[in-house]
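The values are calculated or read from the model by the stated rules, or taken from the named source; none is laboratory data. All values reported here derive from a predicted model rather than from experimental measurement. All Cβ positions, glycine included, derive from the backbone under ideal geometry; neighbour counts span all protein chains shown. Heavy atoms of the whole protein, side chains included, go into the accessibility calculation; ligands, DNA and RNA do not. Shrake-Rupley method; radii C 1.70, N 1.55, O 1.52, S 1.80 Å.
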Amino acid sequence: MGFEGDEESAANQVSTKSRFRYNSPLVQVTLIGLVCFCCPGMFNALSGMGGGGQVNPTAANNANTALYTTFAIFGILGGGIYNILGPRLTLAAGCSTYVLYAGSFLYYNHKQHQSFAIVAGAVLGIGAGFLWAGEGAIMTSYPPPRRKGTYISLFWSIFNMGGVIGGLIPFILNYNRGEAASVNDGTYIGFMCFMMAGTLLSLAILPPSKVVRDDGTRCTHIKYSKVSTEAVEIGKLFFNWKMLLIAPAAWASNFFYSYQFNNVNGVLFNLRTRGLNNVFYWGAQMVGSIGIGYILDFSFQSRRKRGFFGIGIVAVLGTAIWAGGLAKQVGYKHNDLPTKLDFKDSGSDFAGPFVLYFSYGLLDSMFQSMVYWVIGALADDSEILSRYVGFYKGVQSAGAAVAWQVDAHKVPLLTQLIVNWSLTTVSYPLLAILVMLAVKDDQKGEEPSINPASMDNNSKPV
């Protein structure tokens, strides 16, 4: 037995020499980034055009309401499902539903029947709950504890490159259709091809028990959980004070999408310009995630100070951006819409609204990366973090479901902006309190990483 333990330890030490090995956190986080590049990245590009690329946003609003309603339920359940099924089955099942959703708008382009889009939206909500719970567990638990901000920014950059490429698809295919109302069939088919590729790529993700960090520790010693265990642990989340402090930020973090996509990009710009804007909106997310990731990992020696500083930076920037949005929003209403802008023909009138929409993308990535960093600082085990992220995504999706119906019922645009601004503003002090009470400057407050050298096949961590 002694020789077997020595051989296992030696084997693990050899396997950690290369940072680019298949079972390294870097490669696995890159892979999940590519999966999200293909699936939710393309979904974001489709949604970011306003109305799912249609002249009338009603079908997209109703589909998104169905989507985020089921997402709210399965987002919370997704962490438990991930712990039971593992990453490959969970992610592949989730990714496949994105293809159906894009296909429903291809159908709508010809039949103008929204029933299929609504059903596809509901199915996508289930799949998105699976995908994002798995993604969150991987992104927050696989990296080494002191570099979670860097890995989150890596993921966010790859993921949002999907939105950049996805924005180029409608921009190129509809470039000569400046007055067109809805995107052409090729746009939806292009999205579907990327989404199918993402589904296949999800099968390359390793379970946490097989991912080894550079120091030889594994992400978790748990291979599979049980339904009864997950049911109990998920129920406890609703009484967990840490999750209650995160809940307002979770609710706010997707609430603003319906306003930004439909009532800024969709209202202010014509079709081809909306595609171009999305390239920069999602590109801004890459810049924002890299910037906040650096601040959260390298700005101070103390992890708690880094958290406070990061929250402060996002709060100041967010206040300035929403103030700029308010200055623009007072100039138009639902019944008094401005002439749509074109990037070539509108001259200097295009610049201000374009910078505003770009800034919204920058803020989105900084806000969400900040929240993910805080969640990742609460524990270091995939099993626990999958539940935390599932709770976050569930509350986030409940907020989004409400937001899409707020827009569908034509709530005044100024009211929508003020609500969005208020929700994000309330989140900052609550996150600061969470960092103060729950984030430690060392690893004593974290769930322990598991070193394979300290275990045999039947033992628990020592």
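In what sequence, highest mean first, do 286-298, 91-103, 227-239 appear when ranked by Cβ atoms within 10 angstrom? Spell out each step's value before the answer.
On the way: 286-298: 22.2, 91-103: 24.5, 227-239: 13.4.
Order by mean packing, descending: 91-103, 286-298, 227-239.
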Expected sort for 380-393, 337-350 on mean C-beta neighbours within 10 Å, highest first, is 380-393, 337-350
Of S427, Y68, A197, which is farthest on the positive side of the dipole of the chain, counting Cα position, with +1 on Lys and Arg Cβ, -1 on Asp and Glu Cβ, and the Cα centre as origin? S427
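Residues of the chain: accessible area per residue at 1.4 Å, in Å²? Kindly include the intermediate steps, with their values, before the conclusion.
Values: 17610 Å² over 462 residues.
It amounts to 38 Å² per residue over the chain.
How long are the three semi-axes of the equivalent ellipsoid for region 225-441, computed from the Cα gyration tensor as the root of 5 times each eigenvalue, in whole Å, largest first?
Values: eigenvalues 227, 80, 43 Å².
Square roots of five times the eigenvalues give 34, 20, 15 Å.
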Probe radius 1.4 Å, ligands and nucleic acids ignored: give me the carbon and sulfur share of the accessible area of region 19-207 as a rounded percent. 72 percent
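Given contacts defined as C-alpha pairs under 8 Å and at least six residues apart, what's the relative contact order of the chain, whole-number percent? Could you put the intermediate results ahead of the total?
Numbers: 883 pairs, mean separation 127.8, N = 462.
Relative contact order for the chain comes out at 28 percent.
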Based on the alpha-carbon set only, what is the convex hull volume of the chain divided per residue, in Å³? 129 Å³
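Counting only protein heavy atoms and a 1.4 Å probe, tell me what percentage of region 319-375's accessible area is made up of carbon and sulfur. All intermediate terms of the calculation are to be shown ahead of the outcome.
Values: 1440 of 2470 Å².
About 59 percent, which is the carbon plus sulfur part of the accessible surface.
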Return one number: the angle in degrees, 0 to 90 and rounded to the nearest 10, between the long axis of the Cα atoms of helix 413-438 and the longest principal axis of the Cα atoms of the chain. 10 degrees
What translational diffusion coefficient, to the nearest whole µm²/s, does region 391-433 have by Stokes-Einstein, given a Kirkwood radius computed over alpha-carbon pairs, a temperature of 37 °C and 0.692 mPa s viscosity? 285 µm²/s
Using a simple spin-label model with points 7 Å from Cα along the Cα→Cβ vector, what separation in nm is obtained for K236 and F20? 4.2 nm
For region 228-374, what is the charge dipole size about the Cα centre, in debye to the nearest 20, if Lys and Arg each add +1 at the Cβ and Asp and Glu each add -1 at the Cβ? 300 debye
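Let's see if you can work this out: charge +1 on each Lys and Arg Cβ, -1 on each Asp and Glu Cβ, no other charges. What is the dipole magnitude of the chain about its Cα centre, in debye to the nearest 20? All intermediate terms of the calculation are to be shown ahead of the outcome.
Details: 32 positive and 26 negative charges, 75 e Å.
In debye, rounded to 20, the chain gives about 360.
On average, how much area does the Cα convex hull of region 19-207 cover when viewed from any direction, in nm²? List each step's numbers first, then the result.
Details: hull surface 41.3 nm².
Across all orientations, region 19-207 yields a mean hull projection of 10.3 nm².
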Give the angle, between 0 and 90 degrees and rounded to the nearest 10, that separates the Cα long axis of helix 227-237 from the longest principal axis of the Cα atoms of the chain. 60 degrees
May I ask you to order 261-271, 240-250 by the average number of other C-beta atoms within 10 Å around their residues, highest value first? 261-271, 240-250
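Which percent of the accessible area of region 386-437 is formed by carbon and sulfur heavy atoms (probe 1.4 angstrom)? Mind dumping the intermediate values first?
On the way: 1410 of 1750 Å².
Using a 1.4 Å probe with all protein chains present, region 386-437 comes out at 80 percent carbon and sulfur.
For region 19-207, what's the relative contact order in percent, using C-alpha pairs closer than 8 Å and at least 6 residues apart? Show your work: numbers first, answer last.
Numbers: 305 pairs, mean separation 78.4, N = 189.
So the answer I get is 41 percent.
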Under the helix-only model (-39500 (n - 2.57) for each DSSP H run of 4 or more, divided by the residues of the chain), the mean residue ellipticity at 222 nm, to 500 deg cm²/dmol, is -24000 deg cm²/dmol
For the chain, take the longest principal axis of its alpha carbons; what is the angle in degrees between that and the long axis of helix 351-376, to the nearest 10 within 0 to 90? 20 degrees
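Give me the orientation-averaged projected area of the Cα convex hull of region 288-374, in nm², one decimal. All intermediate terms of the calculation are to be shown ahead of the outcome.
Working: hull surface 27.4 nm².
Projected over every direction and averaged, the Cα hull of region 288-374 covers 6.8 nm².
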